[in-house]
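This report concerns only the one structure given below.
The values are calculated or read from the model by the stated rules, or taken from the named source; none is laboratory data. In this text the structure is predicted, and so the values were computed from the model without any measurement. Note: ideal-geometry Cβ built from the backbone for every residue, glycine included; neighbour counts use all protein chains shown.
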Amino acid sequence: MPASWPGSWRKFPLGIHLLFSALPLMFLAWGLLGTAGEGFHRSPTLYPRPFFDPEETAQYLVDSWKARPLPLKERIVAVWGLADAPEGGVDPESPSIVLALALARAGVQIRVSDPGFLEEAKPLLGERVAFFPDPMAALEGAHGVLLATEWPAYLEVDFAEVASRMAGREVLDCRAAWDGEAVDGAGLFHLVYAKPSYPPWLDPELLAFARHVKSKVGEEEGILMVPDGRLGTLSGRARWFLHLNYLLFPRRLYLRKPALACGTSGQYREWVLDWNRERPWKGTRRLRLGDRALSGVVDASPIRSLTPDETKALATLNADWVLYWTHNSDFRITDWECVPAGALP
Amino acid sequence: MRSRGGPSLTLIGGLLAVPLLLLGGAGVLPSAKVIPRGLWENAGLAWLAGCALFAVFGTLGLAFGVPFPIIAAVAVAGCLFSGWKAWKRGDLEDCRRTPTLLGRGWVLLLAILGLGSAALTLALPINAFDPLLHFAYKGKILFHHGSPTDQALMGIAGDSGLFGRMVTHPNYPLGVPLLEAFAAWLGGGWNDRWVQFPLAFWAAALPAVVFFGLRHLSLATAKVGALVAASVPMLYVRDFLAEGTGGLAMAGLGNTSSLGGWGDLPIAALLAGGCGLLLRARATPCKRAAMVAGLLVAGGACMKNEGLAMAGVFALALLFSGALLLAEGEAKSRRVTWFALAALLVGVLPWLILRSSLPSIDENYLSHFQPDRIAHFLGGGAELVEKAPKVMVGQAPELLANPPERRMLVPGYFGEEIFDFRSWGLLWPLVFIALFAPSTRKDPNQRWLALLVIGGLLLYALILLVTPWYLPLLRDKGIPERLMLHLVGPASMIVAAWWARPSFPSSTT
C-alpha cells in the first residue's frame, strides 16, 4: 500500500485537470452552433446585440444640440421603439424610456412611437412626451428620428419617405440596426450611438464602401488616403484605413507617416496627436466636385484641396485616386469619398 | 498573380494543401520501423513536419528572391516525392500495426477536441485583428506579388519618408502567410475562409506529438501526456466563461480564441513536435529524427517573433542540461542531439537573413535587451504610464503621479496565470510540482525539458520587463498567457513523466 500511494494521489490532480477539458468542449460546441446559426458567415448578427447607455447618450446629444443654431426647445425628435427589445416589455428602467425622459427634461420636444407597448409606456412617460401610434406621423416636421428598439417594421422603413417627412436630417441609431447605406442614400446622416460588440472589419458601411471603391478603382491603381482635417478621435476603432488596406488589396493605398499609424495602439495615438499638433491640412480649402459617387449627403463631403506634400506624393507614388475621410470611430459612408486625382483642381 | 479561383476552387486549394503538407512531412520523418509510432502520431508529426519544412524552405526561397509561385510549385513536387518515399518504405503499414492502447472514451475525447478545433477554425472566414492584418495581409502580398520585398510591405518607410504603404508588424515571420498563400495558390484565388485549412490542425496535432514523444517511456505515460495537453483549455481558448455563461454567445468570436490564423498555437505545436522527436531521437538514437526535430523548432521561429526566442531557449536548454556534453547519457544520444542543434541553427538562418531586410516599426525586442534597461526595471524602474491610453489623452493624472514598479507587475501577471484554472486547468501547478521532483532532475531528458520550460518563462518575463509599451495594456490583450501557450507541449511531457514514473531512472531507454 505505501508503495502504491504516491501513484494513487497523483491520479487526483490529473483527474481534476482532465475535467477542465469540459471547457474546450463547451467552447467548440457553442462556437460551432453559434456560427451555424448564421450560416457560417461572419456578420454583426453573430455578436451580442449592440447596446447604448441612455443617460450618456442623452447628455451627448443635448450637448451637441446646444452648440447648434436651433434652440433645444424648438428641436423635435421622434423616438421609435420603447420596449427593451422587440417583443420585450417596458418599465421605468427601459433604456428608451430613460433616454426619452432625459431628452424631454432637457427641453427637447419628444414624440414616441412603439408598435406593441405604447399604452404601457404612457404612465411611465406622462405628459412630457407626445404619443404617436403611427411612427411615420411622428416624423412630420421632426429634426431627427432616434431608433431605440429594433422592431422589424422599423428596419424595413423607406428612408426616402423618412427624409421627405422630416424637417431635419439626423437619423440617430442606438441599436446599430439600420442599413447605413440606405439611410445615407436618402441624404440623411446616419449617426450610430450604439456600442457595437462586432469588430470593425464587419461594419456594414465599411464593407459597402469597400465594394464601391473596388468597382471604381482598378487593382493596379494607387490611392492616396487624406484626412479632411483634424482627427476627432483617438479611438482605435477609427483605424479604418487598416481594414480598407486589407479589403482593397492589391490596390496600393498610401498614408502619411504609416509607420506610426500602423504601429501599436500607443503609436497610433501618437500619430493622431502628431497630426493634430502639426496641422498639415492648414491652408487647404473645402472643395465641391459635383455629385458624390456613393454618399447621398451632398453637402458634407470630406474633399479638400491638397497640401504641397500631398500633391507631390500623388506624383511620386504614382497614385491615381485620392481617398478623403473624416476621422470617426463609427464608419459612416458620408465621411468617405474617393475621387480621381485628375478631377482635383 | 491574378485571382482566378471561385469559392469552390479555393475550397479545393485549401483541401489539397493539407494532404500535400502531410505527404511532405511523411517522407522526411524517419522510417516507422526505426522509430515506431501509431497512425495518429504519424499524421500529427508528418503534418507538423510538412508545415515546418514549407515555412523554413519557403522563407529560404523568399530570402534569396525566389518568387512564391516557384516555391509553391517546387513544394508540390517535393511533397509528392516525399509521400511516395514514405509509402514505398511501408510506413503506413508499420504505423497501423503499432498499438496506442487508448481506450475508446479517450479516443473519442481526443477526436472531438481535435476535429472540433479544426471545424471551428474553418467555421468562419478569418475574423480577428492579428490573423487578418498581421498574417493574412502578408499572405495576400505573397500570393499576389510573389515576394515580401514588394512595395506593399517594404513601402511602409515611404520613398519620400512621409507617405508610404500600410502594413502592421512588417518584420513578423512569414510562416503563417506562406501556408495561407500556398492554399490560395493551389486554389487559384484568395479566400479568407479556405486559406485557413493549413492552419486548422495545430490543436489536433499537439497531443499526438506529445504521445509520440513519450511512447518510449510507456504507453501509459504517453497517454497521460496526450490527455494533459489536449485538456489544456488555452490550446483552444483563454478565459472562457470569465464573464459567466454570457460568454457562451461569444464562443469562437473575439480575440480569446487560440485557433486559426494566430501565430502562437503553431509555435506551441511545432515546439511540442520538436521536443517529441528529439526525445525519441535520443532514445533510439536516430540522426534523421534529431534533424527533423531541429527543423520543427526552426519552423516555430518562422511563425511568430517569439518562435525565434523559443528556438534560442531550446538550444540553451540542451546546452545547460548536459544533454549535449555531459557523459551521463549514452554517447550516441549526445551525438544525435548535436544534429538537432545544427538543423535548428541552419533552419532559422533563412528567417534571420530575410528579417534583416524587412522594415521594423514596433517589434524589435533585441534593441531593448540592453543591460542598463534591464537593470533599470529590475532596480525598481516605473511602469511606462506615459504610454497608457488614458494618460496620453490627459486623463488619469494619479497614474502619472504614482506609477507602479514594473518589476512587481511581471511576476504578478505570471503568478495569476499559473492559478488561472479557466485557461490552463491544473497544468502549471502540476508542472511546478513535477519540476521539483527528483526524477525530473536526474534524467537528462527531463532536465532539458524542465530547463526549456523554466527558460521560456524567464525569457518571456524578461521580454515583458523591457517592453517599450504600457504593460497593463499588453496584459489586457492576453499576454503573458499567449506566450505561456508555447510551452504546453514540453510542460505536458514533464507532467506525464513525473506522473507515470515516480522513480525515474537516469537511462533514456
- prompt: In segment A:72-86, is there at least one residue being touching a residue at least 24 places away in the same chain (Cβ under 8 Å), exposed (fewer than 13 other Cβ atoms within 10 Å of the Cβ) and either on the phi > 0 side of the Ramachandran plot or in the same structural domain as A:T149 (by TED's automatic domain parsing) (or both)?
  reply: yes
message: Just the residues that are more than 13 Å from chain B (Cβ to nearest Cβ), in contact with a Pro (Cβ under 9 Å, 6 or more places away or on another chain) and closer than 17 Å to A:W275 by Cα, please, taken from segment A:200-231.
response: A:D228, A:G229
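Take segment B:383-415 and flag every residue that is of a type outside the set (A, V, I, L, M, F, W, C), under 28 Å from A:W271 (Cα atoms) and part of a helix (DSSP H, G or I).
The answer is B:E386, B:K387, B:P389, B:K390, B:P397, B:E398, B:R406.
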message: Return the pair list, or none, for Cβ contacts closer than 8 Å from residues in segment B:114-131 that are closer than 16 Å to A:L33 by Cβ to residues that are among the basic types (K, R), at least 6 apart or on different chains.
response: B:L122/B:R193; B:L124/A:R42; B:L124/B:R193
message: Out of the helices (runs of 4 or more DSSP H) lying entirely within segment B:416-509, which hold 3 or more residues that are of a type in the set (A, V, I, L, M, F, W, C)?
response: B:427-435, B:444-466, B:471-476, B:488-500
task: Hand me the list of helices (runs of 4 or more DSSP H) wholly inside segment B:168-253 holding 3 or more residues that are within 12 Å of chain A (Cβ to nearest Cβ) and at negative phi.
output: B:202-214, B:219-230
message: Looking at segment A:213-245 only, could you name the residues that are among the β-branched types (V, I, T) and assigned to a loop (DSSP other than H, G, I, E, B)?
response: A:V217, A:T233
field: Subset of segment B:316-328 (residues that are touching a residue at least 24 places away in the same chain (Cβ under 8 Å) and out of contact with any Leu (no Cβ under 8 Å at 6 or more places or on another chain))
entry: B:G322, B:A323, B:L326, B:E328
- request: Please work out which one of (1) farther than 15 Å from A:L147 by Cα; (2) more than 14 Å from every other protein chain (Cβ to nearest Cβ); (3) outside any loop (DSSP other than H, G, I, E, B); (4) not small (G, A, S) is the condition A:I16 fails and give its number.
  value: (2)
field: Residue match in segment B:305-324 (condition: over 22 Å from B:L483 (Cα atoms), at pLDDT 95 or above and assigned to a helix (DSSP H, G or I))
entry: no
query: Would you say B:A437 is buried (at least 17 other Cβ atoms within 10 Å of the Cβ) and over 20 Å from the mean Cα position of the chain (by Cα)?
result: yes
- line: How many residues of segment B:152-167 are out of contact with any helix residue (DSSP H, G or I) (no Cβ under 8 Å at 6 or more places or on another chain) and assigned to a helix (DSSP H, G or I)? The answer is 1
- prompt: In segment B:301-315, is there at least one residue being farther than 24 Å from B:P148 by Cβ, small (G, A, S), surrounded by 17 or more Cβ atoms within 10 Å (Cβ to Cβ) and touching a Leu at 6+ places or on another chain (Cβ under 8 Å)?
  reply: yes
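Table: residues versus (1) of a type outside the set (G, A, S); (2) under 23 Å from A:H190 (Cβ atoms); (3) assigned by TED's automatic domain parsing to the domain that holds A:G222; (4) at pLDDT below 95.
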{"position": "A:R279", "(1), (2), (3), (4)": "yes, no, yes, no"}
{"position": "A:G283", "(1), (2), (3), (4)": "no, no, yes, yes"}
{"position": "A:R288", "(1), (2), (3), (4)": "yes, yes, yes, yes"}
{"position": "A:R292", "(1), (2), (3), (4)": "yes, yes, yes, yes"}
{"position": "A:S301", "(1), (2), (3), (4)": "no, yes, yes, yes"}
{"position": "A:L306", "(1), (2), (3), (4)": "yes, no, yes, no"}
{"position": "A:H327", "(1), (2), (3), (4)": "yes, yes, yes, no"}
task: Just give me the residues in segment A:253-302 being part of a helix (DSSP H, G or I) and farther than 25 Å from A:G222 by Cβ, in sequence order.
output: A:S265, A:G266, A:R269, A:E270, A:L273, A:N276, A:R277, A:V298, A:D299, A:A300
query: Across segment A:239-254, what is the number of residues that are in contact with a Phe, Trp or Tyr (Cβ under 6 Å, 6 or more places away or on another chain) and facing another protein chain (nearest Cβ under 7 Å)?
result: 2
message: With the requirement that a residue be within 13 Å of another protein chain (Cβ to nearest Cβ) and in contact with a helix residue (DSSP H, G or I) (Cβ under 7 Å, 6 or more places away or on another chain), what does segment B:391-418 give you?
response: B:V391, B:M392
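Restricting the search to segment B:140-162, which residues are of a type in the set (G, A, S) and facing another protein chain (nearest Cβ under 10 Å)?
The answer is B:A152, B:G155, B:A157, B:G158, B:S160, B:G161.
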- prompt: Is it fair to say B:P350 is outside any helix (DSSP H, G or I) and either of a type outside the set (F, W, Y) or surrounded by fewer than 19 Cβ atoms within 10 Å (Cβ to Cβ) (or both)?
  reply: no
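Only residues that are without any contact (Cβ under 8 Å) to a residue 12 or more places away in the chain, within 14 Å of chain B (Cβ to nearest Cβ) and not small (G, A, S): list them for segment A:299-327, please.
If the condition is that a residue be without any contact (Cβ under 8 Å) to a residue 12 or more places away in the chain, within 14 Å of chain B (Cβ to nearest Cβ) and not small (G, A, S), then A:P308, A:T311, A:K312, A:T316 are the ones that fit.
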message: Taking the conditions exactly as written (facing another protein chain (nearest Cβ under 8 Å), surrounded by 15 or more Cβ atoms within 10 Å (Cβ to Cβ), charged (D, E, K, R) and outside any loop (DSSP other than H, G, I, E, B)), does A:R42 satisfy them or not?
response: no
task: Would you list the helices (runs of 4 or more DSSP H) that sit entirely within segment B:1-114 and hold 3 or more residues that are over 24 Å from the mean Cα position of the chain (by Cα)?
output: B:7-26, B:68-88, B:91-97
field: Selected residue [within 20 Å of the chain's Cα centre (by Cα), of a type in the set (A, V, I, L, M) and within 9 Å of another protein chain (Cβ to nearest Cβ)] from A:L260, A:L294, A:L234
entry: A:L234
field: Residue within segment A:71-92 that is within 10 Å of chain B (Cβ to nearest Cβ) and aromatic (F, W, Y) present
entry: no
